[in-house]
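What follows is a single structure, written as structure tokens, with notes after it.
Please treat every number below as a calculation from the coordinates, not as lab data. No experiment lies behind these values; they were computed from the predicted model shown. With ideal geometry, Cβ positions are generated from the backbone for all residues, glycine too; neighbour counts draw on all protein chains shown.
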Amino acid sequence: MKLHDAIAAGIAHLAQNRLRAGLSILGIFIGIASVLCMMAIGDGAKLMIAQDIEKLGGANQLRLWTRTSIWKNRRFFRRTTERYTLEDAHAIEAECPKVQFVLPKNEGYRPLITSADGSQVRHTLEGVTPDYARGLHWKVRAGRFLSESDIEDAKQVCVLGADTATELFGEASALGQEVKIRYYWRQPPVRVRVVGVMETKGSSINS
């Protein structure tokens, strides 16, 4: 059988079974469209994850943390006292020349932050070093970031995120303003002065 005879026979068979042929073609179209949509969604998710990682300093990073407690068989065993120190961070910098940044961080979970006019927010509080913003590609919108003298002299200063500054002070400038930070309701608040406001990092895959 020649090629044109085979094509003619196939067309004739399709013409005799139009409903079956139409449903088969429709099923093929739906299958191809579903695969293409899933590939597009997967590529979009990969791009969003890559952008989120880049906001946190890029993919070439390693995070270390210490456990505050040990659990065995889902039961509390004991608390731990081992903690990383600033000297540990300096040792990593000295012994690992290929490491660009060592960014120690002490994170507090959602303390109460109050402005002078009584506005209050609960956001994560992070104790960091001056290299933190540069290492995580985070830019200052107004004022400045923490300096070495701030750390060495233990100055009572802070830098606010863009959203936190807006929630506390609205459209007014947060620079030079004082905020009070309280972890527990019985604890006296710590008064700190705002020296900088960071740029917003944009949307996230979690939002």
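Residues with beta-carbon under 13 Å from that of G143, excluding G143: net charge, scoring Lys, Arg +1 and Asp, Glu -1?
Combined, the nearby Lys, Arg, Asp and Glu give +2.
Where the centroid of each part is defined by its Cα atoms, how far is the stretch 180-195 from the stretch 56-130 in Å?
19 Å
How much length would be gained if the chain were fully extended between D88 and Q61, taking 0.36 nm per residue of separation minus their Cα-Cα distance, in nm to one decimal?
Additional length available on full extension: 8.0 nm.
Tell me which DSSP H helices of the chain clear both cut-offs, 24 Å or more of axial length from alpha-carbon atoms and a mean Kyte-Doolittle hydropathy of at least -1.0.
18-55
Which order do the peptides 157-169, 16-28, 123-135, 104-116 come out in when sorted by mean C-beta neighbours inside 10 angstrom, highest first?
Highest to lowest by the protection proxy: 157-169, 123-135, 104-116, 16-28.
Okay, helix-only estimate at 222 nm for the chain: each DSSP H run of n ≥ 4 adds -39500 (n - 2.57), divide by all residues, round to 500 deg cm²/dmol; what do you get?
-12000 deg cm²/dmol
How many nm is it between the label spots at I49 and A33, if each spot is 7 Å from the Cα in line with the beta carbon?
Reported label-point gap for I49 and A33 is 2.8 nm.
Shape of the stretch 69-153 from its Cα gyration tensor (a ≥ b ≥ c, root eigenvalues): rounded if a/c is under 1.5, otherwise prolate when a/b > b/c, or oblate?
oblate
Of K105/K180; K155/K180; K98/K201, which pairs sit farther than 25 Å apart, going by alpha carbon to alpha carbon?
Table pairs above 25 Å Cα-Cα are K98/K201.
Could you tell me the calculated FRET efficiency between H137 and V190, based on Cβ-Cβ distance and R0 = 25 angstrom, to the nearest 0.05?
Efficiency at R0 = 25 Å is approximately 0.30.
For a quick check of your reading of the filter: which trypsin sites (Lys or Arg not before Pro) in the stretch 148-207 sit in a DSSP loop and have no more than 13 other Cβ atoms within 10 Å?
When the trypsin sites (Lys or Arg not before Pro) of the stretch 148-207 are filtered for loop state and at most 13 Cβ neighbours within 10 Å, R186 remain.
When DSSP assigns beta bridges and you keep just the ones with both residues in the stretch 144-207, what percent turn out antiparallel, to the nearest 5?
If I count the DSSP bridges inside the stretch 144-207, around 50 percent turn out antiparallel.
Run the quick spin-label model on R18 and T166: label points 7 Å from Cα toward the beta carbon, then report their separation in nm to one decimal.
5.9 nm
Calculate, for F76 and E107, the FRET efficiency according to 1/(1 + (r/R0)^6) with r their C-beta to C-beta distance and R0 22 Å; round to the nearest 0.05.
Between F76 and E107 the formula returns 0.50.
Counting only other residues whose beta carbon sits under 10 Å from that of M198, what net charge do I get with K and R as +1, D and E as -1?
+1
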